[in-house]
Structures are given as C-alpha cells and as structure tokens.
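The values are calculated or read from the model by the stated rules, or taken from the named source; none is laboratory data. From a predicted model like this one, the values you see are computed outputs, not experimental measurements. So basically every Cβ, Gly included, is an ideal-geometry build from the backbone, and we count neighbours across all protein chains shown. Just so you know, the surface numbers come from the protein's heavy atoms only, side chains and all, with ligands and any DNA or RNA stripped out. Shrake-Rupley method; radii C 1.70, N 1.55, O 1.52, S 1.80 Å.
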Amino acid sequence: MSRRPSPSRRQHGSAPVRAASCPCGLAETYDKCCGRFHRGEAAAPTAEALMRSRYSAFVRRDEPYLLRTWHPRTRPARVDFDPGMRWTGLEILATADGSPFHTTGTVTFRASFRGGTLHERSRFERVEGAWVYVDGEFLED
C-alpha cells in the first residue's frame, strides 16, 4: 500500500508542519478521513471504508464508534483495549463485494503493531442501510 505525504502548512511563520495523515493509511487528514465517520457526520460508504475507520478507532481507542459499527448479533458488551498495544499500520490485501451496491462484503487486511501483525479476513453486512462488522477469521502469514 502506498502512502502519499500530506500537504505541508505553515504555522505562525515557523517551519512547515505536516498535517497528520489518517491512521488508516490514506493520505487525507484524520478529520477529513475517518474522523468524520467517528463523529457521526457520515456513514462509511463501503465495507473497506468501514474497515479503515474501525482500524483508526482502535488506534484512537474510540470504543463508542467500535460498538456502534459492530453487528448487534456479534457485538461484545465492551471493547477491552490492551494498554500496551501500539498500532503502526494498516494494509488492505483484498476486498470482495462490500460496495455501495452490496449487502455483504469481506475485507482481508494486515494490521501491524509494535512487535507483530494481525492478519484477518473480516465479514461485513448492512444493517438498516449502514455497514457493520460481523466477525473475522484470523489468517496465517
């Protein structure tokens, strides 16, 4: 997955400051990318967009968003974050269905963290028109 640098901007005559790119790996800033989903300003239009926004929510420890975008039949009571976990990157490996015209989809990804990786094929469904995470199958690297 390629990463494009975010545009530079100057603050009060200082050296260029780079706007932080979104944790999901896309070039947009967090506010313009996954932040709008987290704030409830928009719904993720595809299963991949939801996957990216959920990864960003794990990075930011946004439990309300994770629970809100989890299928009601598989949703846990709470999300237990590992305080030592530091997510370092997301790579989308494959998608199947999951477009604005589908009702189900899968996203295969590799999420890196300090000390390892998580490789998963996640299943998504639409519930009342919105994409939600159903479950995932861990894959061997």
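Against the test of being under 25 Å from Ser21 (Cα atoms), touching a residue at least 60 places away in the same chain (Cβ under 8 Å) and charged (D, E, K, R), the options Arg54, Arg60, Arg110 yield a single qualifying residue, Arg54. Being touching a residue at least 40 places away in the same chain (Cβ under 8 Å) and not charged (D, E, K, R) narrows it down to one residue among His119, His102; which is it? Just a single option satisfies the conditions, and that option is His102. Residues that are surrounded by fewer than 17 Cβ atoms within 10 Å (Cβ to Cβ) and at pLDDT 95 or above number at least 3 in the following helices (runs of 4 or more DSSP H) confined to the stretch 1-118: 63-68. Look at Glu140 and say whether it is in a strand (DSSP E or B) and open to solvent by 20 Å² or more (accessible area, probe 1.4 Å). Criteria not met by Glu140. Within the stretch 121-137, none of the residues are more than 19 Å from Asp62 (Cα to Cα) and in contact with a Pro (Cβ under 6 Å, 6 or more places away or on another chain).
The number of residues in the stretch 119-129 being in contact with a helix residue (DSSP H, G or I) (Cβ under 9 Å, 6 or more places away or on another chain) and not in a strand (DSSP E or B) comes to 0.
Against the list (1) modelled with pLDDT of 95 or more; (2) in contact with a Ser or Thr (Cβ under 7 Å, 6 or more places away or on another chain), the condition Asp141 fails is (1).
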